[in-house]
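Asker: Okay, here's the structure, questions in a sec.
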Amino acid sequence: PLKINVAGVATTRSAFEGNKLPDECMYYISLYNDGIDYDNFDIPVQYVKGESRISRPVFITRESTVGAIYCDREKVKVDGNVIVLNAADQQDILVAYSNVKPSYPEVSLMFKHVMSRVSLRITKSAENDRMYDKFGTAVVEGVAYGYYYLFSDKVDRIDQTTTLKVEPKDKDYLETATDVVEYDFLTVPQSSSELKMNISCSSLKTTIYF
């Protein structure tokens, strides 16, 4: 039967901190071969302090790809070999995959983040003599949504982009040099479009490109 080792999590700036899964969590696996999806990520794997325990024996009868996903399954929809992303409520997702053969049914999975975290911090410079700057809703263009293609050679893994409105995280004004206005959101990097963030405040409007 299949045996799984988790090598870790690729370090990226994201909602998941660190380079490992939580000490105790559940992720799900699926088997693929010749473009056929088996089980559709319906095989739970209990992960406890570095050890993966598959909920039932999985026998490898032909060369296959083992795919794994870790996310909030109540908020993230998985359909075959694609993840359906909701632009208005994007949740970070970890995915991994590795090939396996019947002669050696053991894989080592290195998870990576589907999402990237964009965090913009705005402070008041010493040259800014305005007494007060109030910031409003930022409009981000080029945010990915729709289908994210897993285990695919597609250059563009996302089929659609849209706009996303982001409110300041904690404080929406700059009055002193210690004040910070922060915008923070998750999105999928899209190779065919750049992120454009339009921010307005009481004294100016600016556009930032990522």
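Asker: Just to be sure I understand, how many residues within region 82-118 are open to solvent by 40 Å² or more (accessible area, probe 1.4 Å), in contact (Cβ under 8 Å) with a residue 40 or more places away in the chain and small (Gly, Ala, Ser)?
Answerer: 3
Asker: Filter region 179-210 down to residues that are open to solvent by 40 Å² or more (accessible area, probe 1.4 Å), within 11 Å of residue 140 (Cα to Cα) and of a type in the set (A, V, I, L, M, F, W, C) and give me whichever is modelled with the highest pLDDT.
Answerer: Among those residues, the one meeting the criterion is 208.
Asker: Tally the residues that are loosely packed, with under 15 Cβ neighbours inside 10 Å and either at pLDDT below 90 or part of a strand (DSSP E or B) (or both), restricting the search to region 45-58.
Answerer: So the first thing to find is which residues in region 45-58 are loosely packed, with under 15 Cβ neighbours inside 10 Å, and the list is 46, 48-51, 53, 55-57.
In the following step, the residues that additionally are either at pLDDT below 90 or part of a strand (DSSP E or B) (or both) were identified as 46, 48-51, 53.
Residues flagged as loosely packed, with under 15 Cβ neighbours inside 10 Å and either at pLDDT below 90 or part of a strand (DSSP E or B) (or both) within region 45-58 amount to 6.
The values are calculated or read from the model by the stated rules, or taken from the named source; none is laboratory data. Given the structure is predicted, the values throughout are model-derived calculations rather than measurements. Neighbour counts are summed over all protein chains in view; Cβ atoms, including those assigned to glycine, are modelled from backbone coordinates with ideal geometry. Only protein heavy atoms, including side chains, enter the accessible area calculation; ligands, DNA and RNA are left aside. Shrake-Rupley method; radii C 1.70, N 1.55, O 1.52, S 1.80 Å.
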